[in-house]
Structure formats: C-alpha cells, structure tokens
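See below for the structure under consideration.
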C-alpha cells in the first residue's frame, strides 16, 4: 500500500517541483513585460500649458526620482513633516533617490500643446511608492516675444524644482509599469520684471485616468487668441493650432467655463457649464466666433 500511494503521489510532487522552479526563475528574471524583479518602470512625458509667446526654450538636464521602498504604489499619499519639497527625510532607509537617464537638451515647449507630448524619460526604479521627482535645468533658457529672443533668468539662480507625485498622477499600464505626464505651466512659470524675463518652473503632474479633457475647433481662422478653461479651483490654458484645433488635458472633475480670446475684430466668447469627468474627453465640436 505504501508503494502504491507513493506512485500516485509522485506526479503531484514532480508538478510541484516544476512549479516552484518556474516561480523562482520568474522572480529572478522579472515579469512578463521585461521588468526586472524588485523594480518598476516609469515613463515620464512632457507637455505644455502655454502662454501667448512665439517660442519658449527650456534646458532640461536631469531627473531624479524618489521612491519609498517600504510602501506599495497603492498606499495612501502623505506629505508629512520632513517630506516637503526642500527637506526630504534623508535619514529614512526606505526613501531612495535615483538619477534616471533622460534625453538632456533644450525643449521647445510651444510645440508640445493641444494634446502633443514628448517622452522625457523611461527608466527602471526600485519598487515602491513613487513620491517625488526632481527636475534639474541648465542655463540655456529663452523666450521669443515679438520676434525678439530674450534670456529666461532662473529666479534666485535656482536650477531645480521638486514635484510631489500622488497615486492619482500615475497611469498604471501594468502592475509595475507607470506613465506620468508633466504639464509645464508657463502661465505660472514666466514673469516679466523691469524688462527682463524670469523663469520659476511650475510643473503640474497628471494622469489620464484621473483627469479629463476639453477639445474643439474654432472658426474663422485667425479669429482667436489664447483659450482658458477655468472654475473656482482649477485653471488651464490652450493656444490653438493655426486651423483652430485645441485640446486642454489634465483637468480635474468638475464644471468648467471656457473663455476664448477673440482677436482681429472678433468678440470674446465664453462657453459655460462644461462637465469634465475622469478619463473622458469633452468634444465641443466647431465653435464660431462672431464679429
């Protein structure tokens, strides 16, 4: 009877051994998407929250990512004492800063508008909760106004900016693969003082799954200037393409108004009660301005 029982159980033990070997190999080599064990992948995209300039050139040189390796990506967000932008808790063994490879250089931000973005970085980081990124700038920054190029001076010569990252800002492609979008909000970043232009970068993180979009097309051609979507808590801008197409992304849920600056003899126009929902695109269709 013992021999018979052993023969019956032998295939079960063999299958269990094969399963354990496969599981261990999978843990060492990573997941099915090629992400190494103990790592996550983050893809960082840059897009533009424009102003009425002809060109804005920004010199981006480095990106660092802070991961709390003791927490999971889905854990609640926190911005407690010692975890603010300028005073990160360096003593914690859980919180690790990593420098990730990027494409350093000068980016023309006004080409990144109306739904256009560019991949700034794609890298593996330690598994855990992505809490913060640090963007470091170079000195080759400028703005083109009325066909004249002006240097963009860094305020107080501060060449870096911290951006707090919350769970809602990350689009989850898979369990360990995330997309993050950074809106370079020029309306909050550039100031004119005593005839000189100054840059204090304001980067607004967002994810597609947790925000909504407004898009449309304005006619006639050359009747429009800047566009502003706004409510009591949120404001975002768009600079339409030459044929009038525009898209504003990264809007939190809520009811918005859309202000269109009429130029060349055309009237300003405001559209109210636009309902924005998470993960949805509101298409306003063709908008005709009157003169």
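Inspect the stretch 168-175 for any residue being part of a helix (DSSP H, G or I) and surrounded by 16 or more Cβ atoms within 10 Å (Cβ to Cβ) and give the result as yes or no. Lay out the reasoning, then the answer.
Just the residues of the stretch 168-175 that are part of a helix (DSSP H, G or I), to begin with: 168-169.
Still in the running and surrounded by 16 or more Cβ atoms within 10 Å (Cβ to Cβ): 169.
Yes, that holds for at least one residue.
State yes or no: is residue 269 exposed (fewer than 13 other Cβ atoms within 10 Å of the Cβ) and not assigned by TED's automatic domain parsing to the domain that holds residue 51? When the stated conditions are applied, residue 269 does not pass them. Selection of the stretch 217-229 for residues being without any contact (Cβ under 8 Å) to a residue 40 or more places away in the chain and in a strand (DSSP E or B) yields 227, 228.
Candidates are the residues of the stretch 198-235 that are in contact with a helix residue (DSSP H, G or I) (Cβ under 7 Å, 6 or more places away or on another chain) and more than 30 Å from residue 151 (Cα to Cα); the one that is surrounded by the most Cβ atoms within 10 Å (Cβ to Cβ) is 207.
Under 22 Å from residue 116 (Cβ atoms) and either in contact with a strand residue (DSSP E or B) (Cβ under 9 Å, 6 or more places away or on another chain) or free of Cβ contacts under 8 Å to residues at least 40 places away in the same chain (or both) - does that describe any residue in the stretch 260-270? Yes, because at least one residue in the stretch 260-270 is under 22 Å from residue 116 (Cβ atoms) and either in contact with a strand residue (DSSP E or B) (Cβ under 9 Å, 6 or more places away or on another chain) or free of Cβ contacts under 8 Å to residues at least 40 places away in the same chain (or both).
Out of contact with any helix residue (DSSP H, G or I) (no Cβ under 7 Å at 6 or more places or on another chain), assigned to a strand (DSSP E or B) and not assigned by TED's automatic domain parsing to the domain that holds residue 121: is that true of residue 161 in this structure? No; evaluated as a whole, the condition is false for this residue. Just one of (1) without any contact (Cβ under 8 Å) to a residue 40 or more places away in the chain; (2) in a strand (DSSP E or B) fails for residue 232. It is (2).
Quick check on the stretch 186-195. Is at least one of its residues buried (at least 16 other Cβ atoms within 10 Å of the Cβ) and farther than 21 Å from residue 112 by Cα? No; the residues of the stretch 186-195 include none that is buried (at least 16 other Cβ atoms within 10 Å of the Cβ) and farther than 21 Å from residue 112 by Cα.
Of all residues in the stretch 236-258, which are in a strand (DSSP E or B) and buried (at least 16 other Cβ atoms within 10 Å of the Cβ)?
In the first step, residues of the stretch 236-258 are kept if they are in a strand (DSSP E or B); the result is 236-238, 245-251, 254-258.
236, 237, 238, 246, 247, 248, 249, 250, 251, 256, 258 - these are the residues of the stretch 236-258 that are in a strand (DSSP E or B) and buried (at least 16 other Cβ atoms within 10 Å of the Cβ).
The values are calculated or read from the model by the stated rules, or taken from the named source; none is laboratory data. Worth saying up front: this structure is predicted, and the values here are computed from it rather than measured. Cβ coordinates were reconstructed from backbone atoms using ideal geometry, including for glycine residues, and neighbour counts include every protein chain displayed.
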